[in-house]
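Student: Sharing a structure, written as structure tokens. Questions coming.
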Amino acid sequence: REIYFFEKGDFDEPVCSFVLNEEEANQLGSVLMGTFFKPEAKEEKEMFLKNLIIEWISLEKVSPLVNKSIKESEIRKKTGASIVAIIRGDLTITNPSPDEILREGDIIVLVGNKQQIEKFYEIFYSACEIR
């Protein structure tokens with residue numbers, strides 16, 4: 001239940017980190033899994049969610065990510081965004097291993113801030129389709 005933030009291009013030492021309590025972790029998990037939730041109107045949570053972007057991206061056959069591992073694709077290194085889940089048919093792989101191979105038809109759940117998500121689309125979007 002720990003969240004780490006890194007500087008662009010430097011993923012060795014986090015700039016900051018924080019720990020979620022059980023309720024916050026459950027709420028974030030609900031968002032990541034695509035279930036409906038309405039956050040409490042607390043200033044800290046609103047600020048956190050305001051800066052958090054979650055994208056569901058369907059990988060098409062022509063995607064440069066297909067048949068590559070998460071590690072090999074270097075999404076986090078190149079963009080700062082992270083794959084937090086892969087939806088593969090009826091299977092949902094949460095917190096996938098860096099060695100997980102991305103496949104045609106996978107839906108990746110990508111998390112980052114606005115700049116990180118924009119960078120992902122700049123590098124990979126031409127072959128990916130927004131869900």
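Student: Work out from phi, with θ = phi - 60° and the Karplus expression 6.51 cos²θ - 1.76 cosθ + 1.60, the ³J(HN,Hα) of each residue of segment 58-67, listed in order in whole Hz, and give x for Gly and Pro.
Tutor: 8, 8, 8, 3, 7, 4, x, 8, 5, 6
Student: Additional query: Roughly how much of residue 54 is accessible, in Å² to the nearest 10, using a 1.4 Å probe?
Tutor: Roughly 30 Å² of residue 54 is accessible to a 1.4 Å probe.
Student: Over 20 Å between C-alpha atoms is what I'm after, so list which of 61/114; 8/119; 8/114; 8/71; 71/119 land there.
Tutor: Table pairs above 20 Å Cα-Cα are 61/114.
Student: Please compute the length gained on full extension between residue 13 and residue 69, using 0.36 nm multiplied by the number of residues separating them and subtracting their Cα-Cα distance.
Tutor: 17.8 nm
Student: Same structure again: I want the local charge near residue 116. Using Cβ-Cβ distances under 13 Å, sum +1 for each Lys or Arg and -1 for each Asp or Glu among the other residues.
Tutor: Every neighbour counted, the sum reads +2.
Student: Ignoring ligands, DNA and RNA, how do 106, 99 rank by accessible area with a 1.4 Å probe, largest first?
Tutor: From most exposed to least exposed: 99, 106.
The values are calculated or read from the model by the stated rules, or taken from the named source; none is laboratory data. All of these numbers come straight from a predicted model, not from anything done at the bench. Because the Cβ atoms are built from the backbone with ideal geometry, glycine has one as well, and the counts that use them run over all protein chains shown. Note: accessible area is taken over every heavy atom of the protein model, side chains too, but ligands, DNA and RNA are not part of it. Shrake-Rupley method; radii C 1.70, N 1.55, O 1.52, S 1.80 Å.
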